[in-house]
Amino acid sequence: MTRGRVLKPDEETRLLRNATPAIQDVVLYALNTGSRIGEIFSLRWQNVDLDRGLINVFSPKTQKTRVVPINSEVRRILDFWALGQKNEFVFYNQKTGEPFVDLDAGLRNACREAKIEGVTWHTLRHTFASRLLERGADIMTVKELLGHSTVTVTMRYTHSNLTSKVAAVGKLAGTATILLHPAPKCSSSNLQCSKLAANSQNTIELKTEEWVSG
């Protein structure tokens, strides 16, 4: 099942190692812009503002345009493709000079060689959104970058961040907890009880500034 699939960092490395140079660039572009494959195929140089570091992404699916910032990885890719520019399209078949119309076979071949399953071009868009959320981007920013009409659509991308959610909630533990019962009394021979008592004492001695910092 590919819906909701996110590319793991080690899978990304293996995929890139087994992909052709053109597939490598399109994969990295998708991972760093969240663009749909149709948006990548239709991207024209007139929509790229290298001076301001912005891309005006036109979506054939929604018939709308959104602005996506250019990061260092995307800049490197664009600079390379600008050197051999043969037409108005950013990405094109370097043998024919014609714009790409289908790179599914190239992605499948790279995945097969890398022993990766369940990855499609949309997986890269999903990965882009998930990584942004993992790094603390707010849901409305992700919505705008993806070009979604409502935040409800963007919420579909939040389910893949369970690990981040667990880690975030875990950070709350022990930062502002006051023990409401005394530490247990233990005999010297009961090591497990002694450890519990020690932990309880540490909680009681929580610094005042930690309690009021929120």
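The values are calculated or read from the model by the stated rules, or taken from the named source; none is laboratory data. All of these numbers come straight from a predicted model, not from anything done at the bench. Glycine gets a Cβ as well: all are built from the backbone with ideal geometry, and neighbour counts include every protein chain shown.
For R76, state whether it is assigned to a helix (DSSP H, G or I), among the basic types (K, R) and touching a residue at least 12 places away in the same chain (Cβ under 8 Å).
Numbers: assigned to a helix (DSSP H, G or I): yes; among the basic types (K, R): yes; touching a residue at least 12 places away in the same chain (Cβ under 8 Å): no.
So R76 does not fit the description; no.
Would you check if N32 is touching a residue at least 60 places away in the same chain (Cβ under 8 Å) and either among the β-branched types (V, I, T) or surrounded by fewer than 19 Cβ atoms within 10 Å (Cβ to Cβ) (or both)? Break it down stepwise before answering.
Values: touching a residue at least 60 places away in the same chain (Cβ under 8 Å): yes; either among the β-branched types (V, I, T) or surrounded by fewer than 19 Cβ atoms within 10 Å (Cβ to Cβ) (or both): no.
No, not satisfied.
Against the condition under 14 Å from V6 (Cβ atoms) and either at pLDDT 90 or above or among the small types (G, A, S) (or both), how does A129 come out, does it pass?
Working: under 14 Å from V6 (Cβ atoms): yes; either at pLDDT 90 or above or among the small types (G, A, S) (or both): yes.
Judged against the criteria, A129 is a match.
Looking only at residues that are of a type in the set (A, V, I, L, M) and touching a strand residue (DSSP E or B) at 6+ places or on another chain (Cβ under 6 Å) in segment 15-69, which one is farthest from T127 (Cα to Cα)?
Initial filter on segment 15-69 (of a type in the set (A, V, I, L, M)): 15-16, 19, 22-23, 26-28, 30-31, 37, 40, 43, 48, 50, 54-55, 57, 67-68.
Filter again for touching a strand residue (DSSP E or B) at 6+ places or on another chain (Cβ under 6 Å), leaving 48, 54-55, 57, 67-68.
On the way: V48: 23, L54: 21, I55: 19, V57: 18, V67: 19, V68: 16 Å.
Within segment 15-69, the match that is farthest from T127 (Cα to Cα) is V48.
Among the residues of segment 1-45 satisfying the criterion of being hydroxyl-bearing (S, T, Y) and assigned to a helix (DSSP H, G or I), which is nearest to the chain's Cα centre (by Cα)?
T33
Restricting to segment 58-80, name every residue that is β-branched (V, I, T) and more than 17 Å from L31 (Cβ to Cβ).
Of the residues in segment 58-80, the ones β-branched (V, I, T) are 62, 65, 67-68, 70, 74, 77.
Scanning segment 58-80 gives T62, T65, V67.
Among the numbered criteria (1) surrounded by 16 or more Cβ atoms within 10 Å (Cβ to Cβ); (2) over 20 Å from T33 (Cβ atoms); (3) among the aliphatic types (A, V, I, L, M), which one does A105 miss?
Single failed check for A105: (1).
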